[in-house]
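Down below is the structure, laid out as structure tokens.
Bear in mind these aren't lab numbers, they're just calculated from the coordinates by the rules spelled out. Please read all numbers here as calculations on a predicted model, not as lab measurements. All Cβ positions, even for glycine, are placed from backbone atoms using ideal geometry, and neighbour counts span all protein chains on display.
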Amino acid sequence: MNTTVGKLKLELPEDRPEIIMTRTFNAPRDLVFKAHSSCEHISKWWGPRNTSFLSCELDFVEGGAWHIVLRDSDGNDAPFKGEFREIQAPERLTWTFVYDVPPFNEEAAVESMIFSEEDGKTTITVTSVAPSFESRDAMAASGMADGAAETYDRLEEYALTLS
């Protein structure tokens with residue numbers, strides 16, 4: 001399955017339990033990568049516009065943990081967590097990703113982000129490997145594409161303020 005939500009391209013390969021998201025940003029790669037590196041930055045763009053950013057803990061080193069909590073407009077908390085596995089600034093970032101709410105929190109997905117730049121624009125390709133097809137399909141059905149598209153719109157706006 002392939003679909004596009006706003007500027008976000010989403011692919012669900014039939015033969016692998018993956019979600020591949022691709023988005024091009026009108027901002028240099030070093031700034032788009034930098035926006036992922038601290039709570040100070042992430043708090044400015046993580047999550048859809050109708051959410052509040054409640055908390056962030058982030059140890060931006062390989063093996064370091066991260067934890068982010070958002071609150072939606074109905075007052076429901078949305079906790080996320082994981083661990084950094086690989087940091088190769090500004091080209092690659094790999095982390096585990098858990099939406100820390102049952103049934104999504106049973107196993108972590110592993111997300112690899114590739115940051116490439118051409119003519120001052122950055123393309124991020126995120127490959128999220130789910131533990132199973134069922135887990136991947138549940139993530140895709142959860143509305144994550146809309147949330148990711150809006151979050152990446154906010155990331156682009158924020159990255160431009162870093163220049």
Checklist outcome for this item: With x for Gly and Pro, the residue-by-residue ³J(HN,Hα) of region 101-114, computed from phi through the Karplus equation 6.51 cos²θ - 1.76 cosθ + 1.60 at θ = phi - 60° and given in whole Hz, is 9, x, x, 6, 8, 5, 9, 8, 8, 10, 10, 10, 10, 10
Item to check | Identified option (computed percent of Cα pairs over 25 Å apart; candidates (i) 45; (ii) 25; (iii) 58) | outcome: (ii)
Checklist entry - Each residue of region 68-74 in order: what ³J(HN,Hα) in whole Hz does its phi give by Karplus 6.51 cos²θ - 1.76 cosθ + 1.60, θ = phi - 60°, with x for Gly and Pro? => result 10, 10, 10, 10, 7, 5, 8
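If you add up the charges near Ala159, with Lys and Arg at +1 and Asp and Glu at -1, over every other residue whose beta carbon is less than 10 angstrom from its beta carbon, what do you get? Display every interim value, and only then the final one.
On the way: positive: Arg29, Lys34, Lys44, Arg154; negative: Asp30, Glu156, Glu157.
Value of the local net charge: +1.
With the contact rule set at Cα under 8 Å and sequence spacing of 6 or more, what percent relative contact order holds for the chain?
28 percent.
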Checklist entry - With each run of n ≥ 4 DSSP H residues scored as -39500 (n - 2.57), what mean residue ellipticity at 222 nm is computed for the chain after dividing by its residue count and rounding to the nearest 500 deg cm²/dmol? => result -6500 deg cm²/dmol
Checklist outcome for this item: Per the rule of 0.36 nm per residue minus the C-alpha distance, extending Asp137 to Glu62 adds in nm 24.1 nm
Checklist outcome for this item: Restricting to Cα pairs under 8 Å and 6 or more apart, the percent relative contact order of region 72-163 works out to 16
Checklist entry - Excluding Met1 itself, what net charge comes from residues whose Cβ is under 13 Å from its Cβ, given Lys and Arg +1 and Asp and Glu -1? => result -2
Checklist entry - So, counting K/R as plus one and D/E as minus one, what does the shell of residues with Cβ under 15 Å around Val101 add up to? => result -4
Item to check | Spin-label pair Val101/Asp119, simplified geometry with 7 Å Cα→Cβ offset, distance in nm | outcome: 4.0
